[in-house]
Amino acid sequence: MYLGKNSTAINWDQSYKNHNYTWTIEGPSPELVSLLCVEMIKPPGLILDIGCGLGNEAVFLSSLGYNVHAIDHSQEAINMCMSRHRGHPVTWRAESVTDVSLQDESVHFANDRGCFHVIPAHLRKEYVDEVYRVLKPNAALLIRGSLVTNDYWDEVSEETIDMYFDEDRFVRGPILPMKIFSETGGIKGNMVSIKKR
């Protein structure tokens, strides 16, 4: 079963219950590690991990001394994170990226590996508004997503990003091609770093 922009929380929960989460990788993605080196975000800053899945990147960030608030649409994914990563000081929450339980301008960095591209078009403005609300000024959001639009996800492209992340509130870096690695090999994708003004 493929999951994507038309999937409900129940679909995602069922996928995790059936151990059908081939989009994961062990440990952090190389692009996240590289960005942390370049951005020099010093611990213990608050990091929001959007669509955390099984929590591998959240745990990596926590191990570096960051305060991590990891969210996923799937309660089952969050349950698995709490079980698999006991002892790691991560705040795990089953909540929507359109309604994050954090204070305004409290987040030093937001991490999105494969979430934005499965957000339905009618909710993307809410996603952007909520990310804007929680990010500190000059804080960055790293988005990684599909290079193409299909039945499961929408492309992360210059046009798509510029449509939602307006230049009055955000500064966009270049859209860079990449491979989003997974247990099954991965997909062709793009990544972009976006800073709140």
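The values are calculated or read from the model by the stated rules, or taken from the named source; none is laboratory data. On a predicted model such as this, the values are computed, not experimentally measured, just so you know. Cβ coordinates were reconstructed from backbone atoms using ideal geometry, including for glycine residues, and neighbour counts include every protein chain displayed.
What the table below lists for this structure:
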{"read-out": "Lone unmet requirement of (1) touching a Leu at 6+ places or on another chain (Cβ under 7 Å); (2) more than 23 Å from SER193 (Cβ to Cβ) for SER101", "value": "(1)"}
{"read-out": "Test: residue in segment 166-178 that is in a loop (DSSP other than H, G, I, E, B), buried (at least 22 other Cβ atoms within 10 Å of the Cβ) and either at pLDDT 95 or above or not basic (Lys, Arg) (or both)", "value": "no"}
{"read-out": "Within segment 17-99, strands (runs of 3 or more DSSP E) holding 2 or more residues that are aliphatic (A, V, I, L, M) and either modelled with pLDDT under 95 or crowded, with 20+ Cβ neighbours inside 10 Å (or both)", "value": "46-50, 67-72"}
{"read-out": "Unmet requirement for LEU142, which otherwise passes all of (1) of a type in the set (A, V, I, L, M); (2) touching a Ser or Thr at 6+ places or on another chain (Cβ under 6 Å); (3) more than 19 Å from LEU102 (Cβ to Cβ)", "value": "(3)"}
{"read-out": "Scan of segment 100-138 for residues that are among the aliphatic types (A, V, I, L, M), buried (at least 16 other Cβ atoms within 10 Å of the Cβ) and either in a helix (DSSP H, G or I) or in contact with a strand residue (DSSP E or B) (Cβ under 8 Å, 6 or more places away or on another chain) (or both), ordered by number", "value": "VAL100, LEU102, VAL107, ALA110, VAL118, VAL128, VAL131, VAL134, LEU135"}
